[in-house]
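Report on one structure; see the data block that follows.
None of the figures in this text is laboratory data; all of them are computed from the coordinates on show. All values reported here derive from a predicted model rather than from experimental measurement. No Cβ is skipped: glycine too gets one built from the backbone with ideal geometry, and neighbour counts run over all protein chains shown.
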Amino acid sequence: MASLSLSTLPSTTTTKNPLFSKSSPHLKQSNRFKVSCNAAANNNDKRVENFEAPKLILPKTTLEMQNVDRRNLLLGLGGLYGAANLASIPSAFGTPIAAPDNISDCVTASSNLQNSKDAVRGLACCPPVLSTDKPKDYVLPTNPVIRVRPAAQRATEEYVAKYKAAIQAMKDLPDEHPHSWKQQAKIHCAYCNGGYSQEQSGYPDIQLQIHNTWLFFPFHRWYLYFYERILGKLINDPTFALPYWNWDNPTGMVLPAMFEQDGKKNPIFDPYRDATHLPPAIFDVGYNGSDSGASCLDQIGSNLSLMYRQMLTNAPDTTTFFGGEFVAGNDPLKKEFNLAGSIEAGVHTAAHRWVGNPRMANNEDMGNFYSAGYDPLFYVHHANVDRMWKIWKDLGIQGHNEPTSPDWLDASYVFYDENEQLVRVYNRDSVNVQAMGYDYERSEIPWLHSRPIPHAKGANVAAKLAGVVQKVEDVKFPLKLNEIVKVLVKRPTKKRSKKDKGKANEMLFLNGIQFDGEEFVKLDVFVNDVDDGVATTAAESEFAGSFSQLPHGHKHGDKMLMSSGAAFGLTELLEDIEAEDDDSILVTFVPKIGCDDVTVSEIKIKLVPIV
Ligand code: C2O
């Protein structure tokens, strides 16, 4: 089995490493995290020990906030990151989304899911009705004890035993109990696979959807909040906290050992996982549905660069990080100019698919939304997604703010709390984890220093292709992206001064991406990537990012067409490849999986003011 260890060896040592290759660019740079992978330890405990490099052992009580070394940040980011609030998408409606008071107004999830007859998890996801009382508005406990969520790879034996006991107790409840393992799993299916409508806001014919929009982070935060409190109550421990799957740190880039089958019955083991992705397989943040074949070192390098892109380059402002506005009356099937947040449409989707079992119908459990909640790992994955929200905000970069619109603040969901009380919770109460009574044990954030480096530098790439590659103004939209497509896109301005860059971010937008909602979709986007016979990797500057989607299941004709969008930061990318003076850029779309029906209705570079 491979083991990973982190060290701060001088860079010369690293460059002599035979595992080192061209595609590990960030490993070349000195003063960055050096990662070494070796095939040694063959026992789980040993492996866990090896993960815990001495430099990373920190007091469990030190909370995440201290992760962020602002001095390093300023150096690392060169002050280039300000951020912008995208002019938010105008909406004709403008009332917050609200889950129905009447939780029995819930329908069996609609779906054309292929192979659903072989599926082991059902689509009947409505919650049990305990009384006909309206949900109470939830009030956060005052002076809560802070539950500290540990990094799964460093959790103590004692902690793991407690966590397993709590899940076992949940599984022992009768299925119809609102706290049971099944009912908890169904919550996700109901909110995601069309169980609820927007009737509470006067749109009974429009589905409620919490993915691909600015509801993604807060909905899942609340979902985990109650799940954690229920587990704590089941074992009578008010300090119980969920672990987080620390996939953004090399020490956590394998499936946490506690989730493996261990001979005894392990309540957090799920048989519906991809058996080829058990340790020592390293998670791929850019997972396409097939293994990258990268060496351990290259995979870690690529993962860190992708995290850098998703947390910084492509998420400089509220909209690009949280996702587009979504208010009552918006139809998830039709909203042309919606936008999925960078983390949601990136590492979030990748981990779901990487864990789900490709041999099961619809990649159950984690690989599909209706079944994901059945795997205890779902909540541990989402704890790290939630941690990304906290880190993003704590970075303190201008523009890293939660939405302030009442349509976001007042959006609400309905859950059973740990006392089986039906409660309504609001986004506005989800912005401060300390006030909610939990926090994250700290873990190093090496991706902060993993700015991709260029594959090839050079000006005028687009100019040289004039007449060979189509210009965006000549494209007939919607443009099909079912094969490699290249387009030249004009920039609104060039030669931007430092001052200009401090005022606005230059971003590439793909608006109105339409895709089959029942497919796992992944599309990669490159800027000024010229074919030199060596493939450009995700750790290189020309790789702008991806758009990826987990299957949902929404009926719309024979196909389940859904609509979203994506944004990619260009300011730093163009600096890195020395193309700041160019009039236009070459954008290359590379469909990786599920893109047969993918089209885009607008490709545009915009300067988004930093506010
Ligand atoms: Cu609601 Cu990971 O999804």
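So here's what we get for this one:
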{"read-out": "Rounded, prolate or oblate (a/c below 1.5 giving rounded, otherwise prolate when a/b exceeds b/c) for the range 323-442 by Cα gyration tensor", "value": "rounded"}
{"read-out": "Computed E for residue 596/residue 239 - FRET, C-beta separation, R0 45 angstrom, nearest 0.05", "value": "0.35"}
{"read-out": "Under 5 Å, built H, 5+ apart or other chain: amide partners of residue 504", "value": "610"}
{"read-out": "Linear extension gain, residue 132 paired with residue 500, 0.36 nm per residue minus alpha-carbon span", "value": "126.7 nm"}
{"read-out": "Listed peptides 298-308, 437-447 by packing density, highest first (mean Cβ within 10 Å)", "value": "298-308, 437-447"}
{"read-out": "Virtual spin-label span in nm between residue 157 and residue 460, 7 Å along Cα→Cβ", "value": "6.8 nm"}
{"read-out": "Tensor-based shape of the range 461-609 (alpha-carbon gyration tensor, a/c under 1.5 rounded, otherwise prolate or oblate)", "value": "prolate"}
{"read-out": "Pairwise centroid distance, computed over Cα atoms, of the range 217-263 with the range 558-581, Å", "value": "32 Å"}
{"read-out": "Cβ-placed point charges (K, R +1; D, E -1), dipole of the range 152-239 about Cα centre in debye, nearest 20", "value": "240 debye"}
{"read-out": "Fewest-first ranking of 385, 327, using other Cβ atoms within 10 Å as the exposure measure", "value": "385, 327"}
{"read-out": "Length gained when the stretch residue 171-residue 359 is fully extended (0.36 nm per residue, less Cα-Cα span)", "value": "65.2 nm"}
{"read-out": "Net charge contributed by nearby residues that have their C-beta within less than 10 Å of residue 365 (K/R +1, D/E -1)", "value": "-1"}
{"read-out": "Three-way shape call for the range 70-449 based on the alpha-carbon gyration tensor, with the a/c threshold at 1.5", "value": "rounded"}
{"read-out": "Modelled FRET efficiency - R0 41 Å, residue 611 with residue 264, Cβ distances, 0.05 increments", "value": "0.15"}
{"read-out": "Dipole of the range 341-494, positive direction: furthest Cα of 489, 449, 350, with charges on the beta-carbon", "value": "489"}
{"read-out": "Ranking of 126, 595 by count of other Cβ atoms within 10 Å, fewest first", "value": "126, 595"}
{"read-out": "Extension gain from residue 291 to residue 490, taking 0.36 nm per residue of separation minus the Cα-Cα distance", "value": "68.1 nm"}
{"read-out": "Assigned charges on the beta-carbon of Lys, Arg, Asp, Glu; the range 119-194 dipole about Cα centre (debye)", "value": "220 debye"}
{"read-out": "Too-long pairs where the Cα-Cα distance tops 28 Å, listed order kept, from 490/522; 490/592; 117/186; 476/503; 464/494; 117/233", "value": "476/503; 117/233"}
{"read-out": "For the range 287-363 versus the range 486-556, the gap between their alpha-carbon centres in whole angstrom", "value": "12 Å"}
{"read-out": "Cβ-based exposure ranking for 170, 253, in which fewest neighbours within 10 Å come first", "value": "170, 253"}
{"read-out": "Charge tally in the Cβ shell below 9 Å around residue 217, where Lys, Arg are +1 and Asp, Glu are -1, residue 217 excluded", "value": "-2"}
